[in-house]
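Quick notes on the structure that follows.
The values are calculated or read from the model by the stated rules, or taken from the named source; none is laboratory data. Fair warning: this is a prediction, and the values are worked out from it, not measured in the lab. Cβ coordinates were reconstructed from backbone atoms using ideal geometry, including for glycine residues, and neighbour counts include every protein chain displayed.
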Amino acid sequence: MPHRAYANREEGKQRPMAALTARPRIEKPRQDGRRAMAFMTYEELLTVLRVAQQRRTRDWCMFLVAYRHGLRTTEVCGLRLSDLKDGVLSVQRLKGSRRTAQPLYPHVGEPLLDEVKALREWLKVRPNDGSDALFTSQKGGSLDRCQFFRIFQSVARAAGLPAGKRHPRVLKYSLASHLLAANADVTTVSEILGHRSLNSTLQYVKAAADAADEALARSLRNRGIAPMQTATQRATSMGTACVFINTL
């Protein structure tokens, strides 16, 4: 027999108003308080840049700058024309990161990744609205982070990215992942991302290792082979073993 507060309508009862107006369940964040990191593959990155270029030169350019220098949304929107000088981009990074001055990166083999070309093309068509914002909005002045977010989501959706990869932060995460996949050392990755502490960079190392392990596990499962433990599972198992050994 159902609880009287939820008795069916045949008995002349209705669900209470509190139940009808209850808020939907909200997914709880990870226990460690950090967001799970998602990475684009190299092919996904090129697709996003291609779609962005077909829409607006500005969108292609600002996404590429964000990727090449591992910038947050607010950092990209805060860039000024004066931050570009003699082939160097200066950025005052946020959240305790360092101020960086990094060269602009050309690319001979893949035009979509040629940052020098992208900036040159954007500056040719950039509206002269009197502001010093590097990336201007259609109404004039600098873009705000909400506009950047909406533009990236639209491009990412059109590029066929899964929902978990449609946030602008994936540009920074992907740079770290691609650098690590190319065997860049942790110190170099830390400098490019503007981290003050190597501990911040090591979070990317762990996430990239877990992502690689998960990709291998999926491949093995598809072939009917039992997957190996992921990096996190191996670390957990090792920690458990150490605790056990210490009790002997």
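Annotations for the structure displayed:
- Against the conditions (1) over 15 Å from residue 172 (Cα atoms); (2) modelled with pLDDT under 95, residue 70 satisfies every one except (1).
- Test: residue in region 48-61 that is modelled with pLDDT of 95 or more, hydrophobic (A, V, I, L, M, F, W, C), assigned to a helix (DSSP H, G or I) and under 15 Å from the mean Cα position of the chain (by Cα): yes
- Of all the residues in region 36-47, those that are in a helix (DSSP H, G or I) and free of Cβ contacts under 8 Å to residues at least 24 places away in the same chain number 1.
- Here residue 100 clears all of (1) of a type in the set (S, T, N, Q); (2) free of Cβ contacts under 8 Å to residues at least 40 places away in the same chain; (3) within 25 Å of residue 189 (Cβ to Cβ) except the condition numbered (2).
- Test: residue in region 113-133 that is assigned to a loop (DSSP other than H, G, I, E, B), at positive phi and of a type outside the set (Phe, Trp, Tyr): yes
- Filtered residue count, region 185-199, keeping only those that are without any contact (Cβ under 8 Å) to a residue 60 or more places away in the chain, within 19 Å of the chain's Cα centre (by Cα) and assigned to a loop (DSSP other than H, G, I, E, B): 0
- Number of positions in region 80-108 that are among the basic types (Lys, Arg) and closer than 11 Å to residue 69 by Cβ: 1
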